[in-house]
Amino acid sequence: MSGFRFVTGPVAPEDYQAHLTDLSCGGFVSFEGWVRDHNEGREVLRLEYEAYESLGIKEGERIIAEARERFAIEHASCVHAVGQLELGQRAVWVGVSSHHRDAAFQACRYIIDEVKQRVPIWKKEHYRDGDSGWVNCEACASAGKHTPPSRVAGAG
Amino acid sequence: MSGFRFVTGPVAPEDYQAHLTDLSCGGFVSFEGWVRDHNEGREVLRLEYEAYESLGIKEGERIIAEARERFAIEHASCVHAVGQLELGQRAVWVGVSSHHRDAAFQACRYIIDEVKQRVPIWKKEHYRDGDSGWVNCEACASAGKHTPPSRVAGAG
Amino acid sequence: MKTIRIEYFAVLREHTGRGNESFSTGAQNVDELFAELNERYSFPAVGQLKVAVNDEFGDWQTRLTDGDSVVFIPPVAGG
Amino acid sequence: MKTIRIEYFAVLREHTGRGNESFSTGAQNVDELFAELNERYSFPAVGQLKVAVNDEFGDWQTRLTDGDSVVFIPPVAGG
């Protein structure tokens, strides 16, 4: 059984890995994203994830379908956390089972890379110095969270 | 904490993964080898692993040290089962934690590939048709387990 | 005039102070809608925005119909 | 004469019917030891053998000393 889902709070892989078991499979590869205590030179205390879930699930399911087309795998799942997370907790989990390990490694890598680029999820970091900011947000990165308003360029 | 070890019976990753946690790490990749119900066209019922443990641990530790030198990882462990295993059970587990996911994926792949090639572990498959055989053993593969004796070529 | 449901996430939610709103507009497409909203909110520079219409990715020329839902998507950071 | 401890694993253990033995030999190196053992056991063709002396990989020319332990390693199949 394959699929993409969101959960509130840290991801518990043991709740999901059972869905990937299959007596025809000899290999299983998983990736876990853990909340780190630093990012780009700043000390991080905790994180907050927010997702546009209805579109996020569709896009996540598309990524998993692509992985199943491209690689000789049997099952693949991805679970992403939303809400508050503490240091060391699991923000995302990807699990892939396959007959042979090569396909499982490639598909697991593909899924996490695509999820990070395409699924509408946002991460707010809370820093030791009391500041906080949305990761990958230009205004946040350059001047903290209170930036002067400016016109946002329309995407192509 | 990194390392290589053998356990009797199936591997339980939850016993070992905790050793790899580290608040500086944002990525964790693991591989599990599961006992499959088939191999090279034959139906497998169960497996037996046997290891030359004293040399196996040394070679396993060398592989993990190599992975730590080659890739920017923090911790890596590998646990391999010996003894009887049933279908679906875990024969081997590799876990790697790192600051960034790329290194963890590469190191995990490196470790399982090298372990399979270099660590003195043997696998005996028991088939549905009542036969059994040591995997990768020429005489076993060609003529079942009762082969006529012949001179073994010395290795270079 | 048509009524469009807008949903705001992350930095845009914090900036507008709301998770969603119903917005009456004469805008023909997403680009015109964004210009109107920007008049009101003066959005911060968050980088390249994407857009979704009715829970599917669209583009700035996607035409709008009464009852559509629209989401502007700042650069994502999952994982 | 010297006494060498031999350990057998997997197909060689099953073929010899023993996990280990102490073997008195005049063999100077691993190759000569193997030839003597093969006289006794007529080992099956298992593919390319490796060898370990005192729990480290050696080769067929590794010289033997009284009290050494030797293991012949058939092709491995971990994982």
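Tell me whether segment D:36-49 contains one or more residues that are touching a helix residue (DSSP H, G or I) at 6+ places or on another chain (Cβ under 9 Å), more than 8 Å from chain B (Cβ to nearest Cβ) and not aliphatic (A, V, I, L, M).
For segment D:36-49, residues touching a helix residue (DSSP H, G or I) at 6+ places or on another chain (Cβ under 9 Å), more than 8 Å from chain B (Cβ to nearest Cβ) and not aliphatic (A, V, I, L, M): present.
Could you go through segment C:25-41 and let me know if any residue there is more than 22 Å from A:G60 (Cβ to Cβ) and at pLDDT below 95.
no
Here's the yes/no breakdown for (1) more than 26 Å from A:G33 (Cβ to Cβ); (2) of a type in the set (D, E); (3) out of contact with any Lys or Arg (no Cβ under 9 Å at 6 or more places or on another chain); (4) away from chain A (no Cβ under 14 Å):
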{"residue": "B:R5", "(1), (2), (3), (4)": "yes, no, yes, yes"}
{"residue": "B:R42", "(1), (2), (3), (4)": "yes, no, no, no"}
{"residue": "B:E48", "(1), (2), (3), (4)": "yes, yes, no, yes"}
{"residue": "B:A51", "(1), (2), (3), (4)": "yes, no, yes, yes"}
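What are the residues in segment D:62-79 that are assigned to a loop (DSSP other than H, G, I, E, B) and within 16 Å of B:Q117 (Cα to Cα), if any?
Passing the criteria: D:P74, D:P75, D:V76, D:A77, D:G78, D:G79.
Checking the structure you have, find out if any residue of segment C:52-61 is within 12 Å of the chain's Cα centre (by Cα), within 12 Å of chain A (Cβ to nearest Cβ) and closer than 30 Å to B:H99 by Cα.
No, segment C:52-61 has no match at all.
Looking at (1) aliphatic (A, V, I, L, M); (2) under 10 Å from the mean Cα position of the chain (by Cα); (3) more than 7 Å from every other protein chain (Cβ to nearest Cβ), which is the one condition that is false for C:L64?
All conditions pass for C:L64, except number (2).
How many residues, within segment B:55-107, are part of a helix (DSSP H, G or I), at the interface with another protein chain (Cβ under 8 Å from one of its Cβ atoms) and more than 18 Å from the chain's Cα centre (by Cα)?
1
Kindly provide the set of residues from segment D:1-26 that are of a type in the set (G, A, S) and in contact with a Lys or Arg (Cβ under 8 Å, 6 or more places away or on another chain), ordered by number.
Those that are of a type in the set (G, A, S) and in contact with a Lys or Arg (Cβ under 8 Å, 6 or more places away or on another chain): D:A10, D:G19, D:S22, D:S24, D:G26.
Hey, does segment A:91-100 have a residue that's without any contact (Cβ under 8 Å) to a residue 60 or more places away in the chain and either over 23 Å from B:Y110 (Cα atoms) or crowded, with 21+ Cβ neighbours inside 10 Å (or both)?
no
Check A:C137 against each of (1) over 30 Å from B:E40 (Cβ atoms); (2) modelled with pLDDT of 95 or more; (3) surrounded by 20 or more Cβ atoms within 10 Å (Cβ to Cβ) and name the one condition it does not meet.
(2)
Kindly establish whether D:R5 is touching a Phe, Trp or Tyr at 6+ places or on another chain (Cβ under 9 Å), away from every other protein chain (no Cβ under 12 Å) and farther than 30 Å from B:H126 by Cα.
Judged against the criteria, D:R5 is a match.
Which condition number does B:E40 fail, the rest of (1) on the phi > 0 side of the Ramachandran plot; (2) in contact (Cβ under 8 Å) with a residue 12 or more places away in the chain being met?
Unmet for B:E40, out of (1) on the phi > 0 side of the Ramachandran plot; (2) in contact (Cβ under 8 Å) with a residue 12 or more places away in the chain: (2).
Residue check: is D:L12 assigned to a helix (DSSP H, G or I) and touching a residue at least 60 places away in the same chain (Cβ under 8 Å)?
yes
If I filter segment B:118-140 down to residues being at the interface with another protein chain (Cβ under 7 Å from one of its Cβ atoms) and part of a helix (DSSP H, G or I), which single residue comes out as nearest to B:R36 (Cα to Cα)?
Residue satisfying both the conditions and the ranking: B:C140.
For A:N39, work out the one condition from (1) farther than 24 Å from C:F57 by Cα; (2) buried (at least 20 other Cβ atoms within 10 Å of the Cβ) it doesn't fulfil.
Only one criterion in (1) farther than 24 Å from C:F57 by Cα; (2) buried (at least 20 other Cβ atoms within 10 Å of the Cβ) is unmet by A:N39, namely (2).
Quick test for you: out of B:E74, B:E14, B:E66, pick the one residue that is over 19 Å from D:A10 (Cα atoms), at pLDDT below 95 and in contact with a helix residue (DSSP H, G or I) (Cβ under 9 Å, 6 or more places away or on another chain).
Result of the check over B:E74, B:E14, B:E66: B:E14.
Scanning for something without any contact (Cβ under 8 Å) to a residue 12 or more places away in the chain and either on the phi > 0 side of the Ramachandran plot or in a loop (DSSP other than H, G, I, E, B) (or both), does segment B:11-23 turn up at least one residue?
Looking for residues that are without any contact (Cβ under 8 Å) to a residue 12 or more places away in the chain and either on the phi > 0 side of the Ramachandran plot or in a loop (DSSP other than H, G, I, E, B) (or both), one finds at least one in segment B:11-23, hence yes.
Which numbered condition in (1) part of a strand (DSSP E or B); (2) of a type in the set (D, E, K, R); (3) farther than 12 Å from B:G95 by Cα is the only one that B:E32 fails?
Only one criterion is unmet by B:E32, namely (3).
Taking only segment C:67-79 into account, find how many residues are more than 10 Å from chain A (Cβ to nearest Cβ) and among the hydrophobic types (A, V, I, L, M, F, W, C).
Of the residues in that region, 1 qualify.
Output the residues belonging to segment C:28-61 that are part of a loop (DSSP other than H, G, I, E, B), buried (at least 20 other Cβ atoms within 10 Å of the Cβ) and either β-branched (V, I, T) or in contact with a Leu (Cβ under 7 Å, 6 or more places away or on another chain) (or both).
C:F43, C:V46
The values are calculated or read from the model by the stated rules, or taken from the named source; none is laboratory data. If you're wondering where the values come from, they're calculated on a predicted model, not measured in any experiment. Methodologically, a virtual Cβ is constructed for each residue, glycine included, from the backbone with ideal geometry; neighbour enumeration extends over all protein chains shown.
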